[in-house]
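See below for the structure under consideration.
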Amino acid sequence: MAAKIIDGKMRAKEVREGLKNEVLALKSSGTIPKLSVILVGEDPASHIYVSNKEKACSEVGIASEIHRLPSNTREIDLMKLVAKLNDDKNVHGILVQLPLPDQISEENILNSILPNKDVDGLGAQNMGMLVKGEGDPFIPCTPQGIIDLIKTTGIEIKGKNAIVVGRSNIVGKPAAILLLGQHATVTICHSRTLNLKEIISKADILVAAIGKPRLITGDMIKEGAAVIDVGTTRTAKGWEGDVDFDSAKEKAGYLTPVPGGVGPMTIAMLLKNTIKAASKK
């Protein structure tokens, strides 16, 4: 029996529709939610991502501005721009599009954003609160979208074996923490994991976020598993995920496509976090 395809585009549209009402409520109380995005360099994929974010903001009524900087921008100059946006009372969310050029430390820049404006949730304070389960942190957008998509299937996460393939700070680690928070039994795999096929075959929920196209094939997947493919690699065939879609759909119970799965949800969660930031203020 073929897998049910999890439609990230449709779910993201539902989320955006709900957010429109929240924006209207904020505006009626005198607050216009505003997101400032900083884009450094000429990475084509980054330009596409930023353009999509700008369109999504416009759709739900969030004000947005894009600061485009040359690839030779110095770290100190980027820090000055972040400081200026930190001080701007009309800016509720700040997002620095990754990756950054080699001369700039991503860690330094992410940690320079005020925690209450860190709508990407990647700064040390928000990540620390997420790990400790304290406060009300901004949750990184892609992992937040992953949990939302899993919940749309109706699967109860509690007690399930959840395998996360990939240990990045942006997706893998926070996704694992969120799954733990939903009471799953979580294993993180990575490039040095031994017996990867054997481990993956036990997953009730599989999150693939390692950036290697078609690494995970149908024969590695447990019958009926929910498979969330976060991978997006441009190949000669176009954009491909970490999961071999054609073979996986014959084994999985639920499966996200690439594109049209996790990607739209990442942007929807960014909008959600921006509105949350404006509401907190």
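So is L130 part of a helix (DSSP H, G or I), under 17 Å from the mean Cα position of the chain (by Cα) and buried (at least 21 other Cβ atoms within 10 Å of the Cβ) or not? Answer is yes for this residue. Total residues in region 1-39 satisfying the condition of being closer than 19 Å to I155 by Cα and touching a His at 6+ places or on another chain (Cβ under 7 Å): the figure is 0. Against the numbered list (1) farther than 22 Å from A12 by Cα; (2) in contact (Cβ under 8 Å) with a residue 60 or more places away in the chain, P33 comes up short only at (1).
The residues of region 139-154 that are among the polar types (S, T, N, Q) and surrounded by fewer than 21 Cβ atoms within 10 Å (Cβ to Cβ), listed by number, are T152, T153.
In region 129-142, the residues that are touching a residue at least 24 places away in the same chain (Cβ under 8 Å) and among the hydroxyl-bearing types (S, T, Y) form Cβ pairs under 8 Å with partners that are in a loop (DSSP other than H, G, I, E, B) and open to solvent by 40 Å² or more (accessible area, probe 1.4 Å), at six or more places apart or across chains, as follows: T142/I170. Note on region 36-53: among residues that are in contact (Cβ under 8 Å) with a residue 12 or more places away in the chain and hydroxyl-bearing (S, T, Y), the one that is most open to solvent (accessible area, probe 1.4 Å) is Y49.
Within region 91-104, residues that are free of Cβ contacts under 8 Å to residues at least 24 places away in the same chain and under 18 Å from P33 (Cβ atoms) reach no partner that is open to solvent by 10 Å² or more (accessible area, probe 1.4 Å) and in a loop (DSSP other than H, G, I, E, B) with beta carbons closer than 8 Å at six or more positions or on different chains. When each of L110, L95, L85, L24 is tested for being closer than 17 Å to T274 by Cα, in contact with a strand residue (DSSP E or B) (Cβ under 6 Å, 6 or more places away or on another chain) and part of a helix (DSSP H, G or I), the lone residue that passes is L85. Across region 19-55, the qualifying residues are those that are among the polar types (S, T, N, Q) and under 19 Å from the mean Cα position of the chain (by Cα), and the one among them that is nearest to Q103 (Cα to Cα) is S46. Among the candidates E240, E223, the residue that is under 22 Å from T152 (Cβ atoms), open to solvent by 20 Å² or more (accessible area, probe 1.4 Å) and without any contact (Cβ under 8 Å) to a residue 60 or more places away in the chain is uniquely E223. Answer yes or no as to whether A56 is surrounded by 15 or more Cβ atoms within 10 Å (Cβ to Cβ), part of a helix (DSSP H, G or I) and aliphatic (A, V, I, L, M). The answer is yes for A56. Within the option set I163, I94, I157, being more than 30 Å from P44 (Cβ to Cβ), among the aliphatic types (A, V, I, L, M) and crowded, with 23+ Cβ neighbours inside 10 Å holds for one residue only, I163. Scanning region 134-159 for residues that are in a loop (DSSP other than H, G, I, E, B), out of contact with any Leu (no Cβ under 9 Å at 6 or more places or on another chain) and not polar (S, T, N, Q) gives E134, G135, D136, G154, I155, E156, K158, G159.
The values are calculated or read from the model by the stated rules, or taken from the named source; none is laboratory data. Note that the coordinates shown come from a computational prediction; the quantities given were computed from them, not determined experimentally. Every residue, glycine among them, receives a Cβ derived from its backbone with ideal geometry; neighbour counts consider all protein chains shown. All accessible areas refer to the heavy atoms of the entire protein, side chains included, with ligands and DNA or RNA removed. Shrake-Rupley method; radii C 1.70, N 1.55, O 1.52, S 1.80 Å.
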